[in-house]
Amino acid sequence: MAYSRLASVEERRNTRNAILLVILTIIVGLVLFFFGVPILGKFTTFVASLKKTKSVSSQLNDTTPPAPPQFDTFSEFTNKNKITLTGRAEPGSTVKITFNGQSQETQTNSTNGNFSFDENLVNGENDFLGTAKDTAGNESQPTKTYKIYFNNKPPSLNINSPSDGAQFFGTNQRQVTIDGKTDVNVQVTINDRIVFVEDDGSFQFTTTLSEGQNKFAIKATDQAGNSSEKDITLSFSP
């Protein structure tokens, strides 16, 4: 009987403890729901503001200028009146290009730092340089001054001798010299063979004629890609 009463008392105590635990769990859950979530949100906002403040402070303390922008390879001579300049700089920085005295800016790609500019060319010499500015406002040293020459006029090409349709006879006239002149810094080819051009643009090409008609295609091409062509036909009889 005594053991039975002790067991009954222990059972009632355990029941009360269980009920008390459930009530405390409910109270803690309510407290967390009404007070813990807002507090957690405020704490999260506080941590985020600390990170933002640290980032801003880091930018304000950054006094190191970025490296100057790097331009990709471009043609120094062109016969197109527009050009697209591409390159790379510090990712997220702002690149400023001064082209023929006029400045414009563009934002670089935040991942790889790529940038591009579309520019209109004036006839003759065009010059430009660039700088980069990071998010803290530090500006790089300027690049060197680059030059692009725009020209869309074909070079001059004159054949001084012999004249088109000229006839040659006998062994003594079998070898002829084509004499001509073009502009300076121009490449000349005769029947796709490169001919040496003097500093003043003059050139000569000596060849041996075959019996019958001999055709010569003479072409002058400047550095911008403009070209002029002339054809002559010379006749030879032994």
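All of the numbers you see were taken from the coordinates with simple rules; none came from a lab. Remember, predicted model here, so these are calculated numbers, not experimental data. Cβ atoms come from the backbone with ideal geometry, glycine included; neighbour counts cover every protein chain shown.
By the beta-carbon count within 10 Å of each Cβ, the least crowded to most crowded order of Leu121, Leu21, fewest first, is Leu21, Leu121.
Given Cα pairs under 8 Å that are at least 6 residues apart, what percent is the relative contact order of the range 157-237?
36
Of the peptides 122-130, 215-223, the ranking by mean beta-carbon count within 10 Å, highest at the top, reads 215-223, 122-130.
Here the relative contact order of the range 70-150, from alpha carbon pairs under 8 Å that lie six or more residues apart, stands at 33 percent. Between Arg16 and Thr135, full extension at 0.36 nm per residue minus the direct alpha carbon distance yields a gain of 36.3 nm. Extension gain, Glu211-Asn100: 0.36 nm per intervening residue step, less the Cα-Cα distance, totals 34.2 nm. Residues Arg16, Arg174, arranged from fewest to most other Cβ atoms within 10 angstrom of their Cβ, appear as Arg16, Arg174. Taking amide H as placed 1.01 Å from N in the peptide plane, Ser93 has its amide H under 5 Å from the amide H of Thr108, each at least 5 places away in sequence or on another chain.
Taking amide H as placed 1.01 Å from N in the peptide plane, the amide H of Ile178 sits under 5 Å from that of Phe205, Thr206, Thr207, each at least 5 places away or on another chain. Legend: residue pairs Lys82/Lys215; Lys144/Lys181; Lys153/Lys215; Lys144/Lys230, Cα-Cα distance threshold 32 Å; pairs beyond threshold, Lys82/Lys215; Lys144/Lys181; Lys144/Lys230. Bridging of Lys219 to aspartates and glutamates at a Cα separation below 19 Å is possible for Asp164, Asp179, Asp183, Asp192, Glu198, Asp199, Asp200, Glu229, Asp231, once same-chain residues fewer than 8 apart are set aside. 3J(HN,Hα) along the range 114-120, derived from phi through the Karplus expression 6.51 cos²θ - 1.76 cosθ + 1.60 where θ = phi - 60°, amounts to 5, 8, 8, 9, 9, 10, 8 Hz, with x in place of Gly and Pro.
Each residue of the range 88-102 was assigned a 3J(HN,Hα) from its phi angle through the Karplus expression (A = 6.51, B = -1.76, C = 1.60, θ = phi - 60°), giving 9, 8, 4, x, x, 7, 9, 9, 10, 10, 10, 10, 6, x, 9 Hz with x at Gly and Pro.
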